[in-house]
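The values are calculated or read from the model by the stated rules, or taken from the named source; none is laboratory data. Just so we're clear, the structure is a prediction, and the values are computed from it rather than from any experiment. Quick reminder, even Gly has a Cβ in these numbers, built from the backbone with ideal geometry, and neighbours come from all protein chains shown.
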């Protein structure tokens, strides 16, 4: 859209920065948790698959082993060790009512590391979740508490850092606490999406080349933008007219000095004629409502085109507490004599602001295309429901979806890979908030495989994944959070063990560990246990690399020894490796 086409008076200094409201947070209490300049690969509340990011991802130059410092004085309140998720994590509770969290660590500082090791041996488990007494590990501001790493679900070496409210455990945006990140770069506005909210509403977009595109309930339209870094327009758009209830969405990203990572902004505001109608703040959220990200974003756009478009209107089932200044659920009404100048304002945590403005003329003469006859069974998002077909049952809890949804269903014949028909339960572009209990009649499942039965899911690319399920009275049942094609299969394949540095009779005197690759391509590794001379020994597991390692810790001495390692998957298949070695 050219500036001449829509003359808009914007009462704002576009080049200025508008710092977020920090009055509620102390800005001089916490120090940086690391001794190098902070460059981020992830920001607070950044959009992730099925959740919002709960902290800052601080780059560590693609290396592990940087000292991690207590951001303020307090005591260690929790220590977590897990092969997935947070990996090695440390929680410090502070007297001012906040808790800081340090995640994906390589290891802890002594004596914390020794305490963890003793508790692992006592429990005979690598994963532990520990809550030491407040007196056990007091720390001072700036004290070395751990070393950075790449443990758990980390995609590369970095430090994930959080600040939480100690009472509610809600994560808060650390950048509101004065954590210093150099940033004079404004967010980018890449695309805007326009939605007709019902069958009676529509919009017409006329492009500079004369082409016209209609917006309907079933066909929202995504528009590109163009701009100079802090001020944007719609690219190639001559005019927009609309009738009825119209919603908007935005694709935006942020960067900061020294980082090329695609980050998230702090605030997204939508205004109509300078009056706010919708505002989103990346200030805080609870882990219990983080999955509402799937109502906040255009989930179908993400699934089909891998774009993160954030809605600027509320779906009925969206309970995310991150909005303010919401008028009419963020939906804008257009009548015959209505003209609205819409403006997006996007602000990062440093106060850098970007704007985009465009005008929409109300046009009562616009006629939406005839509504198509709805298909599928209507499920009200606020009520529980049973969806049943021959050989197929789905128990749907209330608020499993974010809005009333019509579910479609089809069936396909089974084949040599299945023990049932293939059931196509709607499509994966519809998000599921609460787990649906799915049951499939398994008429072809042999008796000997009932304890190995699984629900198999096949995506649109033909990739099949498995999840454990239970067999009862001819049905195989499991919980699902993705819609699409399901059938009954069985996992009869044992996990794999490949020894890296040990073989039968090997002299291990020059080695300092045992290393194995372990994996299971069906239902996944559930557990692993290693014994030397009949005594349990600690193996540390990294699923990303499939690496299982025992580091020699003096629990067995010189001489001949026996090693036994057993790996079990999620339906009980197991594999055992046995070897003798000398030290």
Of all residues in the stretch 67-79 being assigned to a loop (DSSP other than H, G, I, E, B) and more than 26 Å from the chain's Cα centre (by Cα), the one that is farthest from residue 174 (Cα to Cα): 73
- line: Over the stretch 79-92, the set of residues crowded, with 17+ Cβ neighbours inside 10 Å and in contact (Cβ under 8 Å) with a residue 24 or more places away in the chain is 79, 80, 81, 82, 83, 86, 87, 88, 89, 90, 92
message: Condition first: under 27 Å from residue 66 (Cβ atoms), assigned to a strand (DSSP E or B) and in contact with a strand residue (DSSP E or B) (Cβ under 8 Å, 6 or more places away or on another chain). Can you find one or more residues in the stretch 166-176 that meet it?
response: yes
field: Only one of 182, 214, 224, 141 that is over 29 Å from residue 53 (Cβ atoms), surrounded by fewer than 16 Cβ atoms within 10 Å (Cβ to Cβ), in contact (Cβ under 8 Å) with a residue 12 or more places away in the chain and out of contact with any helix residue (DSSP H, G or I) (no Cβ under 8 Å at 6 or more places or on another chain)
entry: 214
The lone exception for residue 443 - which of (1) out of contact with any helix residue (DSSP H, G or I) (no Cβ under 7 Å at 6 or more places or on another chain); (2) surrounded by 14 or more Cβ atoms within 10 Å (Cβ to Cβ) it fails: (2)
task: Taking residue 262 as the residue in question, decide whether it is outside any loop (DSSP other than H, G, I, E, B), within 30 Å of residue 37 (Cα to Cα) and without any contact (Cβ under 8 Å) to a residue 60 or more places away in the chain.
output: yes
message: Can you name every one of the strands (runs of 3 or more DSSP E) wholly within the stretch 317-436 that holds 1 or more residues which are under 19 Å from residue 276 (Cα atoms) and under 24 Å from the mean Cα position of the chain (by Cα)?
response: 339-347
- prompt: Can you name the residue in the stretch 32-54 that is over 19 Å from residue 308 (Cα atoms) and touching a strand residue (DSSP E or B) at 6+ places or on another chain (Cβ under 7 Å) and, of all such residues, is surrounded by the fewest Cβ atoms within 10 Å (Cβ to Cβ)?
  reply: 35
- prompt: Quick one: is residue 569 touching a strand residue (DSSP E or B) at 6+ places or on another chain (Cβ under 6 Å) and either at pLDDT below 95 or more than 24 Å from residue 84 (Cβ to Cβ) (or both)?
  reply: no
query: What number of residues in the stretch 559-577 are without any contact (Cβ under 8 Å) to a residue 40 or more places away in the chain and either over 19 Å from residue 504 (Cβ atoms) or over 37 Å from the mean Cα position of the chain (by Cα) (or both)?
result: 5
